[in-house]
1. After finding the eigenvalues of the alpha carbon gyration tensor for the chain, what semi-axes result from the square roots of 5 times each, listed largest first in whole Å?
2. Percent relative contact order of segment 246-358, based on C-alpha pairs within less than 8 angstrom and at least six residues apart?
3. Per 0.36 nm of contour for each residue apart, how much would the distance between residue 255 and residue 216 grow if the chain were fully extended, relative to their Cα-Cα spacing?
4. If a/c stays under 1.5 just call it rounded; otherwise compare a/b with b/c (prolate if a/b is bigger, oblate if not). Do that for segment 134-292, with a ≥ b ≥ c from the square roots of the Cα gyration tensor eigenvalues.
5. Which angle from 0 to 90°, rounded to the nearest 10, does the C-alpha axis of helix 303-316 make with the longest principal axis of the chain?
6. First measure r as the distance between the Cβ atoms of residue 288 and residue 358, then evaluate 1/(1 + (r/R0)^6) with R0 = 41 Å and state the FRET efficiency to the nearest 0.05.
7. How many percent of DSSP beta bridges within the chain run antiparallel, rounded to 5?
8. 7 Å from Cα along Cα→Cβ at both residue 241 and residue 281: what's the point-to-point distance in nm?
Ligand code: NAP
Ligand code: ZN
Ligand code: ZN
C-alpha cells in the first residue's frame, strides 16, 4: 500500500488545549518492521489529559494524543514476522517501541526497557515524537500491535490497551486471586477496570474513593467493600493489617495518605502505584511509616500481558462501563472537559471514525 495521509485532532494552542483542531501531519518513515493501522476507535486515558494540558511539561504544537487504539491493519512491512495480515483487527497501547534486545525486553518486560518510546509524548532516538490515536491512521512497530479476540467489541477493547492493562499488570504480577484481599484506590477509568478485573481474578475487592458519591457504582462493578477516604476520617480503624495488595489508580497523590494505606497492609503486603501525576508531585514517605511492606510503581504492561488480559476478558466475557462519543473537534472537547471534571462512568471511547475521516 502507498503512503497514507495522516490526519488527526491536535493540540494547537496550549492555553486552549481542550479545543483541538483537525490537522494533517507527517509521520515518521515507514520501516520494514512497521505496521500501519486504520483507526476504528480510541479510548480516552487520563494520560491524554495530562499530556494535552501540559501537566507533564509543555505539550508540543500539533500533538495528537490517544493510546487506547483499535483498528484494522492496512499495511505490513516486508520484514514483519509476527503473522499480522492486512484486515486484522488489532489494538495498540501506550508503547510504540523498545529495543527488543536488552535483558528486560528479552524477559518480556518491554515497558521497562531503557529505550522505551511511547505512542505519543516520549520521543524516538532521533527526536521524533509520535502521534496518537485521535487520528485516522497510526504507525507502529509490529511487536506492539496486538490482535483482538473476536468476541470483544472494539469500543471495549480500546481502553483495555492502556487503562485495562495498566492495572491488570500489577494485579497479575503480584498474584491477585482467590484468598487475596485487594484494594483499588481511585475509582476513575483505570480504577474501574481494577475493580472488575481483581474480582474476576477471584480476589475480595476493597474500592477506595475519596467521597461517597461512587459507592453505588463501585458495588455494581463488583467491589465487596467501599471506603470514602476523605469523608470517613477513621477509615483505617477496622482495616488494620487487612490487605495483601493495593494498586493506586488515581491521577494525583494530593488526596492520598500513603501512611494510612501502609497501616492497612498485611506484613509483606505490596502497594503498587500507576499514578503519573503532574510534574512536581512526588511520593513522600516517613522513614519507618511503611515498615514491613513494599511500595513500587508500575508502567503499563507488556505485549504478552496484554494478550493474557484480552484472553481473560474474552473467556469470562467481562463487561466494562464505556461511553462512546463520536470523534470530532466538539467530541474531543467534550471528553477532555468531562474527564477533567470527573464526569464519566467510567471510560470514554471516541468512535465513528469512518464518518469523520472517510
Ligand atoms: P481518571 O479516569 O481521570 O481517574 C482518576 C481518578 O483519580 C479519579 O476518578 C479520582 O478517583 C482520583 N483523583 C482525582 N483527583 C485526585 C486527587 N487530587 N488525589 C487523589 N485522587 C484523585 O484517570 P485514569 O485514566 O484512570 O488515569 C489515572 C492515572 O493513571 C493518570 O495519572 C494517568 O496518567 C495514569 N496512567 C499511568 C499509566 C502507567 O503506565 N503507570 C498508564 C496509564 C495511565 P476518586 O474520585 O474515586 O477518588
Ligand atoms: Zn494511558
Ligand atoms: Zn530493551
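1. With the √(5λ) rule applied to the chain, the semi-axes are 34, 22, 19 Å.
2. Computed over segment 246-358, the figure is 22 percent.
3. Details: separation 39, 0.36 × 39 = 14.04 nm, distance 2.13 nm.
Length gained, residue 255 through residue 216: 11.9 nm.
4. Values: a/c = 1.80, a/b = 1.58, b/c = 1.14.
Prolate shape, in that a/c is at least 1.5 and a/b is the bigger ratio.
5. So the inclination is approximately 70 degrees.
6. E between residue 288 and residue 358, to the nearest 0.05, is 0.10.
7. Numbers: 31 of 58 bridges.
Taking every DSSP beta bridge within the chain, about 55 percent pair in antiparallel fashion.
8. Distance between label points: 3.3 nm.
Just so you know, all these numbers are worked out from the coordinates, no wet-lab data involved. Everything numeric in this text was worked out from a predicted model, so none of it was measured. Cβ coordinates were reconstructed from backbone atoms using ideal geometry, including for glycine residues, and neighbour counts include every protein chain displayed.
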